[in-house]
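To start, the structure itself, in structure tokens.
The values are calculated or read from the model by the stated rules, or taken from the named source; none is laboratory data. Computed from a predicted structure; not experimentally measured. As a convention, Cβ positions derive from the backbone with ideal geometry for all residues, glycine included, and neighbour counts pool all protein chains shown. Ligands, DNA and RNA are stripped out before the accessible areas are found, and what is left, the full protein with its side chains, is counted by its heavy atoms. Shrake-Rupley method; radii C 1.70, N 1.55, O 1.52, S 1.80 Å.
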Amino acid sequence: PAGYILPPLGYWETKNLSLLAISAVESIGLALIGVFFMKEQFEIRQKRYDESLLVVENQLTAFGSLRSIVAKEWLELRRSGSLAPAVMGFSGHLLAIYLVSWLFQSGFGIPIGFNVVFFSGFVGFMGVMTYSFLTNLEHNEYLNVMPVSVESVVKAKLSIYFVLTSGITVLYVVMIGFLKNQMHLVPMGLFVAASTSLFVVAVTAYLTGLWTNTMFFSAKTLLKFTAIVVPPLTAIEIGTVFMEFLPDFSMKLIYGTSGLLFVVSIVVFRSLGNKWKGVTFSYVSTGV
């Protein structure tokens with residue numbers, strides 16, 4: 001029962017005072033742990049690393065001409081201590097969506113018939129935050145004096161994005177298929193997850209480049225993103241809701257929309273060069 005995992009919910013269901021006491025102890029304990037880990041730092045921590053760019057670069061031959069920049073981005077992600085937050089930020093939000101659904105269904109007895117394909121559609125929505133995180137690791141102005149372009153760095157960050165999210169996406173879809181006893185829907189879920197993830201990150205990279213965290217504050221950019229991304233992803237989610245009642249229509253809607261997203265994603269990826277050609281690394285536009 002959900003009340004065993006969430007004592008406040010257990011008290012709400014059973015009025016057992018011992019569960020209320022456990023809730024209080026847990027709250028105080030978590031607060032004490034938080035206070036314990038809060039430390040005042042008067043000096044910036046420094047850490048030295050051995051030279052490893054060439055070693056990593058030699059391991060990334062699959063990325064072709066981008067391997068030097070991908071190696072640089074990968075090392076920056078690891079050395080900044082941001083690898084774990086990037087992975088947990090992506091997987092944690094996806095798991096939270098499923099846990100909220102489980103809580104309403106198991107804890108409050110509200111029947112929620114979301115299937116594995118429905119949850120797969122949220123992979124695309126989470127892609128925005130992950131790509132935004134990757135573009136916020138460092139300032140890129142110094143690259144203006146390097147023989148690289150904005151387009152190449154954007155593609156390198158997209159490569160890192162796909163490396164980080166692909167395995168997590170597959171595990172997420174398979175895990176939910178197993179938990180909901182819907183393994184027969186896993187192939188469709190993987191298709192939907194891949195199409196939405198490619199589509200959303202392609203549109204994000206096209207509209208914001210390396211300045212996602214700044215340019216999304218522009219109402220113009222945000223409205224463009226919403227108008228492009230929300231309708232097809234909403235159509236897929238609507239299709240998953242009606243799978244039980246209108247299976248033929250839902251299958252055509254889901255597969256058709258997902259296939260269209262694949263095609264559009266390829267077009268957008270190929271357009272990145274023209275979009276960011278000649279732009280400097282100091283460029284920031286909020287559309288104002």
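Taking Ser149 as the residue in question, decide whether it is modelled with pLDDT under 90, surrounded by fewer than 23 Cβ atoms within 10 Å (Cβ to Cβ), within 17 Å of the chain's Cα centre (by Cα) and within 21 Å of Trp74 (Cβ to Cβ). Spelling it out, it is not the case that Ser149 is modelled with pLDDT under 90, surrounded by fewer than 23 Cβ atoms within 10 Å (Cβ to Cβ), within 17 Å of the chain's Cα centre (by Cα) and within 21 Å of Trp74 (Cβ to Cβ).
Just one of Val229, Val174, Val201, Val186 is of a type in the set (A, V, I, L, M, F, W, C), surrounded by fewer than 18 Cβ atoms within 10 Å (Cβ to Cβ), out of contact with any Pro (no Cβ under 9 Å at 6 or more places or on another chain) and part of a helix (DSSP H, G or I); which is it? I'd like the intermediate steps shown before the answer.
Details: Val229 fails: surrounded by fewer than 18 Cβ atoms within 10 Å (Cβ to Cβ); Val201 fails: surrounded by fewer than 18 Cβ atoms within 10 Å (Cβ to Cβ); Val186 fails: surrounded by fewer than 18 Cβ atoms within 10 Å (Cβ to Cβ).
Selected residue: Val174, the only one of Val229, Val174, Val201, Val186 that is of a type in the set (A, V, I, L, M, F, W, C), surrounded by fewer than 18 Cβ atoms within 10 Å (Cβ to Cβ), out of contact with any Pro (no Cβ under 9 Å at 6 or more places or on another chain) and part of a helix (DSSP H, G or I).
Report whether or not Ala194 is at pLDDT 90 or above, part of a helix (DSSP H, G or I), open to solvent by 20 Å² or more (accessible area, probe 1.4 Å) and of a type outside the set (Val, Ile, Thr). The answer is yes for Ala194. Of all residues in region 80-91, one or more are touching a residue at least 60 places away in the same chain (Cβ under 8 Å), open to solvent by less than 30 Å² (accessible area, probe 1.4 Å) and of a type in the set (A, V, I, L, M, F, W, C). Return yes or no: is Thr214 open to solvent by 10 Å² or more (accessible area, probe 1.4 Å), at pLDDT below 90 and in a helix (DSSP H, G or I)? Considered against the rule, which asks whether it is open to solvent by 10 Å² or more (accessible area, probe 1.4 Å), at pLDDT below 90 and in a helix (DSSP H, G or I), Thr214 comes out as yes.
Could you tell me which of the residues Ala156, Ala86, Ala96 is in a helix (DSSP H, G or I) and in contact with a Lys or Arg (Cβ under 8 Å, 6 or more places away or on another chain)? Show your work before the answer.
Details: Ala86 fails: in contact with a Lys or Arg (Cβ under 8 Å, 6 or more places away or on another chain); Ala96 fails: in contact with a Lys or Arg (Cβ under 8 Å, 6 or more places away or on another chain).
Ala156 is the lone residue from the list that is in a helix (DSSP H, G or I) and in contact with a Lys or Arg (Cβ under 8 Å, 6 or more places away or on another chain).
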